[in-house]
Amino acid sequence: MNSIMKKARVLLTAYYAYMLEYRAELFLWALSGSLPLILMGVWTQAAQSGQFGLTAEDFARYFLTVFIVRQFTVVWVIYEFEKEVVEGKLSPRLLQPIDPVWHHVASHLSERLARLPFALGLVGLFFILYPQAVWIPSLNHILLFAIAVIFAFILRFLIQYTFALFAFWTERANAIENFWFLFYLFFSGLIAPLDVFPENIRNVLLWTPFPYLIDFPASILIGLPVNILQGMLVTLSWIALFFIINRWLWRRGLKQYSGMGA
Amino acid sequence: MPIISAENLSKVYPVAVKEAGLKGTIQHFFRRTYRMVEAVKQVSFDIEPGEVVGFLGANGAGKTTTLKMLTGLIHPSAGRVRVAGYIPFQRKSGFLKQITLVMGQKQQLIWDLPALDTLKINAAVYNISDKEYRQRVGELTEMLSLQGKLNQPVRKLSLGERMKAELMAALLHQPQVLFLDEPTLGLDVNAQVGVREFLREYNKRYDATILLTSHYMADISALCKRVLVIHQGLLIYDGSLEGLIDQFAPYREVQVELAHPLPEVKLMHYGEIKSIEGQSARFLVQREALTRTVAQILAELEVIDLTVTDPPVEEVIGRVFSAGGVL
């Protein structure tokens, strides 16, 4: 246990230092997640004309929260992993007595930490520009939101890492991710809150992994009505499913990788 | 008890085949055909603890494939292999802690950070205590003369320093068995000597077993008493380096810079002429005749410069192959 904690600490510290090497990039990365802020403009305008269940302030808060969720759940493991496989850098990692995935996990987690100040700055800026949208969520909601965001990150990471494992069979695994991203864009709540979707579509979507990556945690934080228990259970089921597929593909993939000459 | 033992080790790869041109590309897209390539065929050898063994062969002869089987990166198609009492392909933690593989250009160092950060990660990964970590880093820094280099970003290091830092990262856990694939590739002569000296010292100090490939004869002759030669997947020689050279390259190369150009007839009787370009000539001279011939050349010709070198390892191996000899 002690040695696991030490490994985690050292990996995080090293990758945190690594992330801080890219000061300018960090700021740009945080900014590049500002699609929700643009969409916020579009939707608050649309809300002025009525006919949605949500007010302009609701939309503003929703997309601000989407922005925050995105900051915590950005994942790029597929690009790194694909590079490692194609360039053969996976081989030395396989000869260390630790699963190579922990390097990726550590780099993602420490990047969260490194970009946090920039993200907080942007949130502050938003409240200065748009004071009527300020709201204080209850401690309860913040706690549930934190759990939902952690789940969202785990699920998003697992899904993308599972796609990444196809790099063992094809040189361009990120094509899968790009295709999947289209669905993610529309069904996760990134472009529009699930609340404005037609009822029957929404009911179907609630059984898919998509809403739990963005809409679900965002709705919790701004206090929209969500079925928290069902949401958490569905997320956990998807996490479990992808975990099983992931481990299976990993074993099959390693055989393939070594078969082709590592 | 041998620490490395390979018995009838074989590896067969599928390699995708594609005809040139558009037609071939379309065929390749719809129906991929594969050709089976036998990279390693029935290779057997034992290596005792503490031995330093050179592993020779032309590019594509099967050296790297064999190293990958010995480290457990790839599964042998047939045969048995045991390293340090383990079956490599299972990659048990106890096995991984006893071995290391260094492959020339593939760096495990994190490019934008100082090497010390990678070393810290490795220390944690291999469960090395802080005290031991400091002691080993100090020791290796000294052996590799890397003082002051470890806290610069890796990208700022020279190729030689980077290779040394790479070795340091690969050896921090004090492995007993070292597999080194071209550890001196691309280094200048000083850096080559540095790495060579270090490996010799490491072997002596920790009684570690080393199996290394190199294209530089000097590496092999400085470090290895024993060599394995592999050709087209077959192990064709296993024995002392002297034996290999005597058997397949019992000659040395003499290069002479003459004061005046001389015709071929005047030089012929000194040795087998490889080339004459203006004032400089290159001969192959039998080993036992070397001193006599050099003395003769110096006495009889007006010589500006004369150098004697070992034939390049590729050439020795080339002779081994053309002799076709399985010994």
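Per the Debye calculation on the protein assembly as shown with a single equal scatterer at every Cα and no solvent contribution, log₁₀ I(q)/I(0) for q = 0.06, 0.07, 0.09 Å⁻¹ amounts to -0.46, -0.59, -0.85. Partner shielding of A:5-17 amounts to 4, given as the average count of beta-carbon atoms from other chains within 10 Å of each residue beta-carbon.
Diffusion coefficient of the stretch A:2-259 by Stokes-Einstein, Kirkwood radius over Cα pairs, 4 °C, 1.567 mPa s: 66 µm²/s. Here is the tail figure for chain B: Cα pairs spaced more than 25 Å apart come to 60 percent of all pairs.
Residues whose amide H falls under 5 Å from that of B:TYR251, counting only those 5 or more places apart or on a different chain, are B:ARG287, with hydrogens built in the peptide plane.
Residue pairs exceeding 30 angstrom between C-alpha atoms, taken from B:LYS18/B:LYS156; B:LYS63/B:LYS97; A:LYS7/B:LYS68; B:LYS164/B:LYS274: B:LYS18/B:LYS156; B:LYS164/B:LYS274.
Calculated accessible area for chain B comes out at 47 Å² per residue, all protein chains present (probe 1.4 Å; ligands, DNA, RNA ignored).
Using a 1.4 Å probe over protein heavy atoms, the accessible area lost on pairing B with A, summed over both chains, comes to approximately 2600 Å². Report, ordered by chain and residue number, the aspartates and glutamates lying within cross-link reach of A:LYS83, taken as a straight Cα distance under 16 Å and ignoring same-chain residues fewer than 8 apart. Here the aspartates and glutamates satisfying the reach criterion relative to A:LYS83 are A:GLU171, A:GLU177. Comparing A:ILE220, A:ILE147, A:ILE98 in a Gaussian network model of chain A (Cα springs below 10 Å), the most mobile by mean-square fluctuation is A:ILE98.
Solvent exposure of B:SER129, expressed as accessible area, is near 50 Å², computed with a probe of 1.4 Å over the protein chains only.
In a shell of Cβ-Cβ distance under 13 Å around B:TYR237, excluding B:TYR237 itself, what net charge do Lys and Arg (+1) and Asp and Glu (-1) give? Taking every Cβ under 13 Å from that of B:TYR237, the sum is -1. Sorted from greatest to least, the principal axis extents spanned by the alpha carbons of the stretch B:97-226 come out as 37, 30, 23 Å. Contact-buried residues of the stretch A:217-262, at a threshold of 10 Å² lost accessible area versus the chain by itself: A:LEU254, A:LYS255, A:SER258, A:GLY259, A:MET260, A:GLY261, A:ALA262 (1.4 Å probe; DNA, RNA and ligands ignored).
The accessible surface of the protein assembly as shown, taken with every protein chain in place and a 1.4 Å probe, is 60 percent carbon and sulfur.
Taking Cα atoms only, the orientation of helix A:35-48 departs from the longest principal axis of chain A by about 20 degrees. For the stretch B:237-297, what percent of Cα pairs sit more than 15 Å apart? For the stretch B:237-297, the fraction of Cα-Cα distances above 15 Å is 52 percent. Of all aspartates and glutamates in the structure, those lying under 19 Å Cα to Cα from B:LYS92, and not within fewer than 8 positions of it along the same chain, are A:ASP99. Near A:ASP195, once Lys and Arg are set to +1 and Asp and Glu to -1 for all other residues with Cβ below 9 Å from its Cβ, the sum equals -1.
Between 0 and 90 degrees, the angle of helix B:130-143 with respect to the longest Cα principal axis of chain B falls at about 10 degrees. The DSSP beta bridges internal to the stretch B:144-264 are antiparallel in roughly 55% of cases.
Per residue Cα convex hull volume for the stretch A:29-160, in cubic angstrom? Cα-based convex hull of the stretch A:29-160, divided per residue, equals 137 Å³.
Relative to the longest principal axis of the Cα atoms of chain A, helix A:2-20 runs at roughly 70 degrees. What the stretch A:178-262 shows is 49 Å² of accessible area per residue, with the surface traced by a 1.4 Å probe over protein heavy atoms.
Solvent-free Debye calculation, one equal scatterer per alpha-carbon of the stretch B:116-180: log10 I(q)/I(0) at 0.15 Å⁻¹ equals -0.43.
The values are calculated or read from the model by the stated rules, or taken from the named source; none is laboratory data. This is a predicted model, so every value here is computed, not measured. We place every Cβ from the backbone using ideal geometry, glycine too, and count neighbours over all the protein chains shown. Keep in mind that these areas ignore ligands, DNA and RNA; they rest on the heavy atoms of the full protein, side chains included. Shrake-Rupley method; radii C 1.70, N 1.55, O 1.52, S 1.80 Å.
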